[in-house]
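Input: a single structure, listed below in structure tokens.
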Amino acid sequence: MLNDQSALVKEFQAQFAKKVKESEIESLEYWKEQLDKVLNLKPEGVAALQAQVKRVANMMGTRINTLKRL
């Protein structure tokens, strides 16, 4: 009985770890895509680049706040 429970707990832990890893990869891919868009814009001057980086940083901040509320 104890071995069955132990095996079940290990299985749940493995599934949870896999899900966390998949979620982290998905999140990093999204933000990399956002930064790649900024890189491809070829902004005219530092001010335009700063504005685009600020926009991405604001998006990240909004997402973090949303996740903290969940």
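Since every read-out is calculated from the coordinates, none of them should be taken as a lab result. Quantities reported herein were computed from a predicted structural model and do not represent experimental measurements. No Cβ is skipped: glycine too gets one built from the backbone with ideal geometry, and neighbour counts run over all protein chains shown.
The phi torsions of region 43-48, fed into the Karplus equation with coefficients 6.51, -1.76 and 1.60 and a -60° offset, translate into couplings of x, 8, x, 5, 4, 5 Hz, rounded to whole numbers, with Gly and Pro shown as x. Listed by chain and number, the lysines whose alpha-carbon sits under 18 Å from that of Lys21, ignoring those within fewer than 8 places in the same chain, are Lys10, Lys32.
Ranked by the mean number of other Cβ atoms within 10 Å per residue, highest first, peptides 4-10, 26-32 order as 26-32, 4-10.
Remark on the chain: hydrodynamic radius 15.1 angstrom, per the Kirkwood mean of 1/r across alpha carbon pairs. Taking the 0 to 90 degree range and rounding to the nearest ten, how far is the long axis of helix 2-41 tilted relative to the main principal axis of the chain, both from C-alpha atoms? The two axes meet at around 10 degrees.
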